[in-house]
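Below are the structure tokens for one structure; questions will follow.
Every number in this text was worked out from the coordinates using simple rules, so none of it is lab data. Everything numeric here is computed off the predicted structure, so don't read it as measured data. No Cβ is skipped: glycine too gets one built from the backbone with ideal geometry, and neighbour counts run over all protein chains shown.
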Amino acid sequence: MVTMTTTIRQERAAELLYQELSILIGAELDDPALELLEVTNVVVSRDLRVAKVYIHQDSDIQRSLVLARLKKAAPFLRRQLAQSVTFRAVPELLFYYDDTPDQAARVDALLQSIAEEREIRQQDEGSSDSPPSSLSSPDFSPVNAQKEDA
């Protein structure tokens, strides 16, 4: 079994790249398809040569278009990173779409609908003043039940 442990060096590099790329993508790219783009995570390889950059965008622009434009902008981003970070070599940037926020929103919506259904069910049960039919039958009463036990 292969364990995927990260070193402190990888974590520091990933955090630095996350901060720098968040600023660069938000401020330096003039592409309208890349507006409102959010860097959600950066994972750096053990040898610091490759960085997987996970992005998310709330707009209706196709994911493939966003990823293609980021791939085209990668050399520019690497040049900008080379000026702002003190790495021996700036890692190759690979972009991936992160659908975790979409999945979290879907789960939240499902949980909300379940909570609303429970609330409606409790209101319906509370509004009926008559007891359930099995307890109101003449054959069952607490007095009769005690007599049968004796």
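Quick check: is even one residue across the range 30-48 among the charged types (D, E, K, R) and closer than 15 Å to residue 18 by Cβ? Reasoning before the result, please.
Start the filter on the range 30-48 by keeping residues that are among the charged types (D, E, K, R), which leaves 30-31, 35, 38, 46-47.
Remaining after also requiring closer than 15 Å to residue 18 by Cβ: 38.
Within the range 30-48, one or more residues are among the charged types (D, E, K, R) and closer than 15 Å to residue 18 by Cβ.
Looking at the range 43-60, which of its residues are on the phi < 0 side of the Ramachandran plot and not in a strand (DSSP E or B)? Before you say what the answer is, go through the steps one by one.
As a first pass, look at the range 43-60 and keep what is on the phi < 0 side of the Ramachandran plot: 43-47, 49-60.
If the condition is that a residue be on the phi < 0 side of the Ramachandran plot and not in a strand (DSSP E or B), then 45, 46, 47, 49, 58, 59, 60 are the ones that fit.
If you don't mind, another one. Of the residues 44, 50, 107, only one is touching an Asp or Glu at 6+ places or on another chain (Cβ under 6 Å) and among the hydrophobic types (A, V, I, L, M, F, W, C); which? Before you say what the answer is, go through the steps one by one.
Numbers: 44 fails: touching an Asp or Glu at 6+ places or on another chain (Cβ under 6 Å); 107 fails: touching an Asp or Glu at 6+ places or on another chain (Cβ under 6 Å).
On inspection, the qualifying residue turns out to be 50.
Give me the residue from the range 77-93 that is more than 28 Å from the chain's Cα centre (by Cα) and not in a loop (DSSP other than H, G, I, E, B) and, out of that set, surrounded by the fewest Cβ atoms within 10 Å (Cβ to Cβ).
If we take residues in the range 77-93 being more than 28 Å from the chain's Cα centre (by Cα) and not in a loop (DSSP other than H, G, I, E, B), then 83 is surrounded by the fewest Cβ atoms within 10 Å (Cβ to Cβ).
Still on this model: When you go through (1) loosely packed, with under 15 Cβ neighbours inside 10 Å; (2) over 21 Å from the mean Cα position of the chain (by Cα) one by one for residue 11, which number turns out not to apply?
With respect to (1) loosely packed, with under 15 Cβ neighbours inside 10 Å; (2) over 21 Å from the mean Cα position of the chain (by Cα), residue 11 is out only on (2).
Pairs needed: first member in the range 63-84, farther than 15 Å from residue 27 by Cβ; second member anywhere, hydroxyl-bearing (Ser, Thr, Tyr); C-beta distance under 9 Å; at least 6 residues apart or different chains.
63/97; 64/97; 66/59; 66/97; 67/96; 67/97
In contact with a Pro (Cβ under 6 Å, 6 or more places away or on another chain) and small (Gly, Ala, Ser): which single residue out of 74, 68, 105, 51 fits that description?
On the way: 74 fails: in contact with a Pro (Cβ under 6 Å, 6 or more places away or on another chain); 68 fails: in contact with a Pro (Cβ under 6 Å, 6 or more places away or on another chain); 105 fails: in contact with a Pro (Cβ under 6 Å, 6 or more places away or on another chain).
Exactly one residue qualifies, and that residue is 51.
Continuing with the same structure: Go through (1) under 17 Å from residue 82 (Cα atoms); (2) of a type in the set (A, V, I, L, M); (3) not in a helix (DSSP H, G or I) one by one and return the number of the condition residue 13 breaks.
(3)
Let me ask something additional. Got at least one residue in the range 52-60 being in contact with a strand residue (DSSP E or B) (Cβ under 9 Å, 6 or more places away or on another chain), surrounded by 12 or more Cβ atoms within 10 Å (Cβ to Cβ) and of a type in the set (A, V, I, L, M)?
For the range 52-60, residues in contact with a strand residue (DSSP E or B) (Cβ under 9 Å, 6 or more places away or on another chain), surrounded by 12 or more Cβ atoms within 10 Å (Cβ to Cβ) and of a type in the set (A, V, I, L, M): present.
Just need a number here: residues in the range 94-128 that are outside any helix (DSSP H, G or I) and surrounded by 10 or more Cβ atoms within 10 Å (Cβ to Cβ).
Applying the first criterion (outside any helix (DSSP H, G or I)) to the range 94-128 yields 94-99, 128.
Okay, now just the ones that are also surrounded by 10 or more Cβ atoms within 10 Å (Cβ to Cβ), so 94-99.
Number of matching residues: 6.
Let me ask something additional. How many residues are touching a residue at least 40 places away in the same chain (Cβ under 8 Å) and either closer than 13 Å to residue 93 by Cβ or buried (at least 16 other Cβ atoms within 10 Å of the Cβ) (or both) if we restrict to the range 25-39? Walk me through how you get there before you give the answer.
Start the filter on the range 25-39 by keeping residues that are touching a residue at least 40 places away in the same chain (Cβ under 8 Å), which leaves 25, 28-29, 31.
Filter again for either closer than 13 Å to residue 93 by Cβ or buried (at least 16 other Cβ atoms within 10 Å of the Cβ) (or both), leaving 25, 29.
So the answer is 2.
Could you list, in sequence order, the residues of the range 24-53 that are under 22 Å from the mean Cα position of the chain (by Cα) and over 24 Å from residue 102 (Cβ atoms)?
Let us first name the residues in the range 24-53 that are under 22 Å from the mean Cα position of the chain (by Cα), namely 25-26, 33-44, 51-53.
Answer for the range 24-53, where residues must be under 22 Å from the mean Cα position of the chain (by Cα) and over 24 Å from residue 102 (Cβ atoms): just 44.
Do any residues in the range 7-24 that are acidic (Asp, Glu) have Cβ atoms under 7 Å from those of residues that are surrounded by 19 or more Cβ atoms within 10 Å (Cβ to Cβ), where the two are at least six apart or on different chains, and which pairs are they?
20/81
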